[in-house]
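Participant: I have a structure here, written as structure tokens, and I will follow up with some questions on it.
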Amino acid sequence: DMELWATACGQILFSLSPGCGTAITMSSYTHPTEDIFRVCMIVSLSNSLFSLSGGFAIFSVLGNLAHTTGQTVADVASKSGTGLAFISIAEGMTTFGSAANVFSVLFFITLLSLGLDST
């Protein structure tokens, strides 16, 4: 499906933010003999791998939540955007047993730091 691929490419470009000032600022600290192509490939591949592993983590929680509630993953994942972060993932963390409070606090601190630090 071309729409899915276009959305995925848009997400990768959004997460890399190639036209923002952060890339220009970070490039001013590189050594003149640095292999820029190698560095760009490492950054791009690392970004893609972290995005992929984050997707696996989120859909694992959504799959477990769908299994325990008897819904489909599509029904659970339909709460996209803030509903996904604040409702679905929070509900999924309640099944973590005694560590649920610790993981919930860490998750919401992570969301807070991402919100404050996003470009």
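Participant: What are the ³J(HN,Hα) values, in whole Hz, obtained from phi via the Karplus relation 6.51 cos²θ - 1.76 cosθ + 1.60 with θ = phi - 60°, for each residue of region 61-67 in sequence order, with x given for Gly and Pro?
Facilitator: Once θ is set to phi - 60°, the couplings for region 61-67 become 5, 5, x, 5, 5, 5, 5 Hz.
Participant: Could you grab the relative contact order for region 1-96? Cα pairs under 8 Å, six or more apart, rounded to a whole percent. Mind dumping the intermediate values first?
Facilitator: Numbers: 32 pairs, mean separation 19.5, N = 96.
Relative contact order here is 20 percent.
Participant: Report the label-to-label distance for Gln11 and Val102 in nanometres (one decimal), using points 7 Å from each Cα along the Cα→Cβ vector.
Facilitator: Distance between label points: 3.0 nm.
Participant: Compute the distance in nm between two label points, each set 7 Å from the Cα along the Cα-to-Cβ direction, one at Asp35 and one at Thr69.
Facilitator: In this crude spin-label approximation the distance works out to 4.8 nm.
Participant: Could you give each residue of region 21-26 its phi-based ³J(HN,Hα) in whole Hz, using Karplus coefficients 6.51, -1.76, 1.60 with θ = phi - 60°, and x for Gly or Pro?
Facilitator: Calculated HN-Hα couplings, in order: x, 5, 5, 5, 5, 5 Hz.
Participant: Using amide H atoms built 1.01 Å from N in the peptide plane, name the residues 5+ places from Ser17, or on other chains, whose amide H lies under 5 Å from its own.
Facilitator: Under 5 Å from the amide H of Ser17 lies no amide H from a residue far enough along the sequence or on another chain.
Participant: Now for a separate question. So what is the diffusion coefficient of region 1-115 in µm² per second by Stokes-Einstein at 37 °C and 0.692 mPa s, using a Kirkwood Rh over Cα pairs?
Facilitator: Numbers: Rh = 16.8 Å.
D = 195 µm²/s.
All of the numbers you see were taken from the coordinates with simple rules; none came from a lab. Everything numeric here is computed off the predicted structure, so don't read it as measured data. Glycine gets a Cβ as well: all are built from the backbone with ideal geometry, and neighbour counts include every protein chain shown.
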